[in-house]
Amino acid sequence: MVDWVFLILTFAYSGILCYFELPSMINQKQYRELAAFIVLLTTGTFLGFMKFSGKTVPNPSDLLFIIFSPLKGVIESLLK
């Protein structure tokens, strides 16, 4: 029961943010900021949905580890 309440609150909060932020961004022709806003809001809403529905949400630091682990040897050799 509590999970559904948080899920509904997550979508309501996203809707309220869009209601107040999108018209001003469109009127001021801030299209790059608008794209970034939509991507970040969609990602956050999706991750919130995953968390409240009981799914496993990936840790962002795991992605950084995967990206930078091949560079470990190069960085160590530069620091010696």
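Please work out if Leu41 is among the aliphatic types (A, V, I, L, M) and under 30 Å from Ala12 (Cβ atoms). Write out each step before concluding.
Details: among the aliphatic types (A, V, I, L, M): yes; under 30 Å from Ala12 (Cβ atoms): yes.
Against the criterion (among the aliphatic types (A, V, I, L, M) and under 30 Å from Ala12 (Cβ atoms)), Leu41 qualifies.
Within region 1-24, the set of residues being among the aromatic types (Phe, Trp, Tyr) and over 18 Å from the mean Cα position of the chain (by Cα) comprises Trp4, Tyr19, Phe20. Taking the criterion of being more than 26 Å from Pro58 (Cα to Cα) and of a type in the set (Gly, Ala, Ser), the only residue of region 1-45 that qualifies is Ser24.
Of the listed requirements (1) surrounded by 10 or more Cβ atoms within 10 Å (Cβ to Cβ); (2) without any contact (Cβ under 8 Å) to a residue 24 or more places away in the chain, Phe49 misses just one: (2).
A quick yes/no check of all residues on (1) more than 22 Å from Phe6 (Cα to Cα); (2) acidic (Asp, Glu); (3) in a helix (DSSP H, G or I):
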| position | (1), (2), (3) |
| --- | --- |
| Pro23 | yes, no, yes |
| Ile26 | yes, no, yes |
| Leu34 | yes, no, yes |
| Ile38 | no, no, yes |
| Leu41 | no, no, yes |
| Leu47 | no, no, yes |
| Met50 | no, no, yes |
| Thr56 | no, no, no |
| Ser61 | yes, no, yes |
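Being in a helix (DSSP H, G or I), modelled with pLDDT of 90 or more and at negative phi is a property that does not hold for Thr10.
The values are calculated or read from the model by the stated rules, or taken from the named source; none is laboratory data. The shown structure was predicted, so the numbers you read here are calculated from the model rather than taken from an experiment. All Cβ positions, even for glycine, are placed from backbone atoms using ideal geometry, and neighbour counts span all protein chains on display.
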